[in-house]
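Single-structure report; data block below.
The values are calculated or read from the model by the stated rules, or taken from the named source; none is laboratory data. All figures in this text were calculated on a predicted structure; none of them were measured in a lab. Ideal geometry is used to build each Cβ from the backbone, glycine not excepted, and the neighbour counts take in all protein chains shown.
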Amino acid sequence: MKIDLSRLRGAQNFDQTEAAVNFYMHQSSESGEPIFISDLLVDEDIAYPLLKQLRDDRSKQYHLHVLKDKWGQPVYPGDVVKREFKKSLNRSPGSPRSAKELSASMRRGSWEADFIRKEDFVVDKKGCITCSADDMWYFLSIFGIHSYSGHKISFHPNETSSGPQKLPNQPGMKHVHYWLYEEWDSEQYNKATVLEPRKPEKEKSK
């Protein structure tokens, strides 16, 4: 659901801001449609209070269309998109791990296992993953474009890396792609066609 941010833009104090956020949340609840996150990110200075409240809701109700993978290749139903979460570097609140311990984790090559948690999102038959508002904020802020205008939301200034990078676990090099995702509202999703499944390797070589 696309919304008019004029109520937030005109808010003069905390009470007016809170009333505006509640108004938009009520609109979304009444319509049964989630608020279109991409518009909030484009106008994040104004929309921050609303975006913050939406991100607190971890229910997955947004469609994120996966345009391609990081190497510019198309994705297929069943492919997996990963989100990384950094684990706390503290043993407990106010008790940070020592620099020696952190350094040892890096040297033995276990930093990712020790301090990174990953969540998998499976690409559906229309090329989308289903996300929470917080997931949308993460993916669009780093790798997103606006599905209506085509303009970038990503903090990456360019669509691809300046030069080719080595491919993992195989010979060759390709440019890394950064603009990978776009948000779809329910109308865009419902109109989208079903993707062809990935062809088996043997069939590709014919």
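Would you kindly identify the helices (runs of 4 or more DSSP H) lying entirely within segment 124-206 that contain at least 1 residues that are over 23 Å from the mean Cα position of the chain (by Cα) and free of Cβ contacts under 8 Å to residues at least 12 places away in the same chain?
Correct list: 201-204.
Given the criteria modelled with pLDDT under 95, over 23 Å from V176 (Cβ atoms), of a type outside the set (V, I, T) and surrounded by 14 or more Cβ atoms within 10 Å (Cβ to Cβ), does D124 qualify?
Answer is no for this residue.
Just checking, which of L40, L64, L50 is touching a residue at least 60 places away in the same chain (Cβ under 8 Å) and buried (at least 17 other Cβ atoms within 10 Å of the Cβ)?
None of the other options fit; the residue is L64.
What single numbered condition from (1) modelled with pLDDT of 95 or more; (2) under 19 Å from C131 (Cα atoms) fails to hold for K118?
Going through (1) modelled with pLDDT of 95 or more; (2) under 19 Å from C131 (Cα atoms) one by one, K118 breaks only (1).
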